[in-house]
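Each reported figure results from applying straightforward, stated rules to the coordinates on display, with no laboratory input. Bear in mind that the values here come from a model prediction, so they are computed numbers and not experimental data. Here the Cβ positions follow ideal geometry from the backbone for every residue, glycine too, while neighbour counts run over all protein chains shown.
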Amino acid sequence: MDKAKLKPLALAGAAAIIAALIMLLLGILGNIGVYIGAVDMMQQWHMFFSLSIVGIIAGMLEAVVITFVFVYLFGFIYNKLS
């Protein structure tokens with residue numbers, strides 16, 4: 001029986017969408033004064049994230065790119081090793 005393989009492109013796309021939504025949610029919650037500690041950490045970890053509209057969108061794009069690349073590589077390597 002042939003093992004099922006991960007679809008790295010689909011996995012990375014789904015993870016990137018989730019990363020963007022989480023970054024958007026964090027930006028919205030940060031603007032209303034909730035989770036300020038998490039917002040501070042995101043501003044330290046992500047080069048473009050801030051609580052302005054442009055900063056939230058830039059942080060979302062940064063999170064999408066980083067997440068897509070790493071999750072795609074994970075899926076690709078997983079398929080090669082399995």
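If a residue must be within 18 Å of residue 72 (Cβ to Cβ) and crowded, with 16+ Cβ neighbours inside 10 Å, how many such residues does the stretch 18-35 contain?
So the count comes out to 2.
Return the only residue of 38, 58, 15, 4 being among the small types (Gly, Ala, Ser), within 30 Å of residue 80 (Cα to Cα) and either surrounded by 11 or more Cβ atoms within 10 Å (Cβ to Cβ) or in contact with a helix residue (DSSP H, G or I) (Cβ under 9 Å, 6 or more places away or on another chain) (or both).
Just a single option satisfies the conditions, and that option is 15.
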